[in-house]
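Reading through the structure tokens given below for one structure.
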Amino acid sequence: LFTAVELAPRDPILGLNEQFAADTNPQKVNLGVGVYFDENGKLPLLAAVRKAEEALQAEPKARGYLPIDGLPAYDQAVKELVFGKESEPVASGRVATIQALGGTGGLKVGADFLKKLSPDAKVLISNPSWENHRAIFNNAGFEVGTYAYYDAAQRGIDFDALLADLNAAAEKTVVVLHACCHNPTGYDLTPAQWDQVIEVVKARNLTPFLDMAYQGFSQGLAEDGAVVGKFVAAGLEFLVSTSFSKSFSLYGERVGALSVVTASKEEAARVLSQLKIVIRTNYSNPPTHGGAVVAYVLGNPELRALWEQELGEMRTRIKAMRQQLVEGLKAAGVTQDQSFITTQVGMFSYSGLNKDQMVRLRNEFGVYGTDSGRICVAALNSKNVDYVAKAIAQVI
Ligand code: LMR
């Protein structure tokens with residue numbers, strides 16, 4: 001039965017974890033996957049999460065099936081966080097939100113739903129994009145192309161080319177846009193550029209699918225989420241996948257969501273009924289724990305404030321690490337300007353290193369980043385940053 005099965009290549013991001021785990025280099029540093037580690041190199045258990053877990057544990061509950069679309073309190077909390085409690089789409093009930101298995105799960109449910117709705121549509125992702133975007137939409141049956149994004153020569157976004165590509169897209173093309181903290185480049189559109197993108201999306205009747213996995217890691221929760229408000233204000237219907245993996249440090253709990261902004265409450269109910277079919281035929285319904293923790297924190301003013309404070313601390317520490325990496329590279333003898341590292345935002349720096357250099361970093365120094373040259377600056381700390389800087393200096 002399985003004789004013809006081919007060995008698939010390792011996943012370009014999570015596959016690095018396997019290689020890292022097997023590496024015996026005592027100085028190894030994992031800058032591959034997008035995970036935040038604290039100053040001591042530890043994956044944090046946020047105090048807000050611990051306190052919510054203690055409170056939930058104080059009144060243990062049996063674990064029945066959740067509704068197909070997830071814990072109602074969680075879905076409501078997501079809506080309020082992503083769109084605003086008082087926002088018109090939430091107040092009028094025209095947003096359909098489902099609890100998903102992480103941001104990836106939200107993208108997959110959305111992709112399967114869109115494939116049924118617009119079977120002939122194409123999907124455009126940024127060039128480059130998170131490696132899994134192409135795979136998710138391909139596996140949902142879509143042809144996936146790219147729109148221009150990163151310009152290596154000017155270390156930034158080629159905005160004219162981006163607009164030209166969106167303008168050339170056929171009606172109903174699904175355009176996957178990173179709401180903030182672009183993965184992998186760390187370069188985000190300015191608010192004025194978003195306005196122009198929205199104009200084109202509207203004029204060309206494209207289908208926007210926002211991916212917001214890093215809300216709070218650039219400027220702050222409200223600032224990073226402002227793009228969603230712009231799409232609402234423009235009167236667009238769109239999808240947003242969101243994730244608490246990074247912002248709650250709940251990677252393994254798979255807590256994300258998909259929200260679909262529709263034209264009316266009645267339309268939202270029909271969309272929700274279709275999303276439920278996608279979920280039911282994939283994994284039936286989501287798990288309880290992560291959703292319960294997030295809903296508890298977001299619904300409790302004290303814990304919510306604590307969470308926002310902890311998220312702010314992660315954001316501030318990442319920025320400090322960017323600065324220390326720039327300084328470390330200079331001290332290690334790199335003469336080329338590295339200040340782009342502090343211009344980029346979010347968890348990643350698109351280093352500009354090529355695949356050979358990334359392979360050398362891994363093999364000779366135990367410093368792991370993706371082949372595309374992406375490094376997770378959120379995994380740097382004051383003990384490993386100089387080692388990483390020296391290793392990078394060696395391969396430049
Ligand atoms: C990443 O880009 O490293 C993260 O989003 C983790 C993942 O699932 O790939």
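Below, the figures for the structure above:
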{"item": "Members of the range 296-316 that are of a type in the set (A, V, I, L, M, F, W, C) and surrounded by fewer than 16 Cβ atoms within 10 Å (Cβ to Cβ)", "result": "305"}
{"item": "Selection count where residues are more than 12 Å from the ligand (Cβ to nearest atom), within 24 Å of residue 188 (Cβ to Cβ) and touching a residue at least 40 places away in the same chain (Cβ under 8 Å), scope the range 351-372", "result": "4"}
{"item": "Pair list, Cβ < 7 Å and 6+ apart or interchain, from the range 335-349 residues that are more than 13 Å from residue 182 (Cβ to Cβ) and in contact (Cβ under 8 Å) with a residue 24 or more places away in the chain to residues that are among the charged types (D, E, K, R) and away from the ligand (no atom under 16 Å from the Cβ)", "result": "340/155; 341/322"}
{"item": "Failed criterion for residue 9 (all others in (1) under 27 Å from residue 283 (Cβ atoms); (2) crowded, with 22+ Cβ neighbours inside 10 Å; (3) outside the structural domain of residue 207 (by TED's automatic domain parsing) hold)", "result": "(2)"}
{"item": "The lone exception for residue 252 - which of (1) surrounded by fewer than 21 Cβ atoms within 10 Å (Cβ to Cβ); (2) touching a residue at least 40 places away in the same chain (Cβ under 8 Å); (3) under 27 Å from residue 104 (Cβ atoms) it fails", "result": "(2)"}
{"item": "Any hit, the range 243-256, residues being closer than 22 Å to residue 166 by Cβ and of a type in the set (Gly, Ala, Ser)", "result": "no"}
{"item": "In the range 255-280, residue nearest to the ligand (Cβ to nearest atom) [restricted to those that are surrounded by fewer than 19 Cβ atoms within 10 Å (Cβ to Cβ) and assigned to a loop (DSSP other than H, G, I, E, B)]", "result": "263"}
{"item": "Hey, residue 184 surrounded by fewer than 21 Cβ atoms within 10 Å (Cβ to Cβ) and in contact with a strand residue (DSSP E or B) (Cβ under 8 Å, 6 or more places away or on another chain) or not", "result": "no"}
{"item": "Test: residue in the range 379-389 that is basic (Lys, Arg) and surrounded by 14 or more Cβ atoms within 10 Å (Cβ to Cβ)", "result": "no"}
{"item": "Number of positions in the range 10-61 that are in contact (Cβ under 8 Å) with a residue 12 or more places away in the chain, assigned to a helix (DSSP H, G or I) and away from the ligand (no atom under 16 Å from the Cβ)", "result": "8"}
{"item": "Residues located in the range 195-239, provided they are in contact with a helix residue (DSSP H, G or I) (Cβ under 6 Å, 6 or more places away or on another chain) and of a type in the set (D, E, K, R)", "result": "230"}
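For every residue, the table says whether it meets (1) within 23 Å of residue 257 (Cα to Cα); (2) of a type in the set (A, V, I, L, M, F, W, C); (3) over 23 Å from the mean Cα position of the chain (by Cα); (4) surrounded by 15 or more Cβ atoms within 10 Å (Cβ to Cβ).
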residue	(1), (2), (3), (4)
16	no, yes, no, yes
20	no, yes, no, yes
31	no, yes, no, yes
38	no, no, no, yes
46	yes, yes, no, yes
49	yes, yes, no, yes
54	no, no, yes, no
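The values are calculated or read from the model by the stated rules, or taken from the named source; none is laboratory data. Predicted, not measured: the structure shown is a model, and the values here were computed from it. Reconstructed Cβ throughout: ideal geometry from the backbone, glycine too, with neighbour counts over all protein chains shown.
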